[in-house]
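Structure first, then comments.
Quick note: the coordinates plus some simple rules give every number you see, no bench work behind them. All figures in this text were calculated on a predicted structure; none of them were measured in a lab. When we count neighbours, we look across all protein chains shown, and the Cβ atoms used for this are built from the backbone with ideal geometry, even at glycine.
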Amino acid sequence: MPPEFVQWLQNAGLATAIRESAIVYPVILSLHLTGMALFGGMILMTDLRLLGIAMTKRPVSEVVEGLRPWKHLGLTLVVTCGFLLAWSKIAIYYPNPFFRLKLGLLTLVTIHALVFRRSVYRNTRELDRSPVIPGRAKLAAALSLVLWIGLVSAGRWIGYWEPKAAAPPTTAQVN
Amino acid sequence: MAFFLAYDPSTNPLNSNEWAFPVCEVMHIIGFATLIGTITMVDLRLLGVGMKKESAADLVRDTAPWTLFGLALVLISGPLIFSSDPNLYLANISFRFKITCLVLAIIYNYTIHRKVALSQTSGGLAAVVAVISLALWASVVFGGIFIAFV
């Protein structure tokens, strides 16, 4: 994206209002994290169930399907808040390599959901009947854990990266 | 308090190692997501809106080791983050609010919340217990974020 366009995006009324308010920005950030608390813990329980580590007394279908609507609600909250936070400071975030990494991981999470949807997440009756959890379901769960922990890490590291200061002009350039 | 006043945070590896602090923060986020996510599952059941195939009592028993795992992660990473600058945190009103809510939330979780979930109580009382639980944990998260903004 050209820098002028990124700056123009950030100058939009709503983005400016969020960025400049002493209260709105931290409230959205808190909701972003509250969504993670709701949604993140439920992803973990789903993945650990598929891996055969947690809630093993319960059928896979009960855990996966029982948590699904709540994970969707959490995801909606996290993504909406994340979008607003990113938009409000997009000119600052856009050059940040960890921000870009986070967007890349979000793309991978979407691909992951599409790839494993039919065979794992919407196939829980089959998984209930299977005496052992199939490798494909375990692979889906393991990849999900790696991707989500990567997303959280990339998100946190955004705050620790600073753009290199522009090099001071040399005499040759000044003259 | 005197201990903290005499302590020089610059001697803390968390303040000299580039990776240490964000690693603690990631551990903190994963910890509270596990802790609060598993408690929320019980709350949704107490409210009668989620995980309805399982009883609240079974849900508490099934998630308890993971709730404890999440609690352990936050209780390790939290004090480490705190140690990076104790005086700053102690003077911060949002930090004080957060810690108050956290202590109440932990006590509440292992007393009233657990007892009600295990006793198969349902209806109004169960719903009130769940709402208080959700409000306490959300307050902890909000208090934590606002440390950086007050």
Close pairs (7 angstrom Cβ cut-off, 6 or more residues apart or separate chains): within 12 Å of chain B (Cβ to nearest Cβ) in the range A:134-157, among the acidic types (Asp, Glu) and surrounded by 19 or more Cβ atoms within 10 Å (Cβ to Cβ) anywhere: A:LEU145/A:ASP47; A:ARG156/B:GLU25
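Between A:PRO69, A:PRO3, which is touching a Phe, Trp or Tyr at 6+ places or on another chain (Cβ under 9 Å) and surrounded by fewer than 15 Cβ atoms within 10 Å (Cβ to Cβ)?
A:PRO3
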Some residue of the range B:43-60 being charged (D, E, K, R), within 11 Å of another protein chain (Cβ to nearest Cβ) and touching an Asp or Glu at 6+ places or on another chain (Cβ under 6 Å): yes
Some residue of the range B:119-137 being in contact (Cβ under 8 Å) with a residue 24 or more places away in the chain, in a helix (DSSP H, G or I) and touching a Cys at 6+ places or on another chain (Cβ under 9 Å): yes
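Filtering the range B:61-99 down to residues that are small (Gly, Ala, Ser) and more than 11 Å from every other protein chain (Cβ to nearest Cβ), which residue is farthest from A:GLY40 (Cα to Cα)?
Here is the first cut: in the range B:61-99, the ones small (Gly, Ala, Ser) are B:64, B:70, B:72, B:77-78, B:83-84, B:91, B:94.
Remaining after also requiring more than 11 Å from every other protein chain (Cβ to nearest Cβ): B:72, B:77-78, B:83-84, B:91.
Working: B:ALA72: 17, B:SER77: 18, B:GLY78: 18, B:SER83: 26, B:SER84: 26, B:ALA91: 31 Å.
Looking at residues that are small (Gly, Ala, Ser) and more than 11 Å from every other protein chain (Cβ to nearest Cβ), I get B:ALA91.
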Within the range A:18-33, considering residues that are touching a residue at least 40 places away in the same chain (Cβ under 8 Å) and more than 28 Å from A:VAL120 (Cβ to Cβ), the one nearest to the other protein chains (Cβ to nearest Cβ): A:LEU29
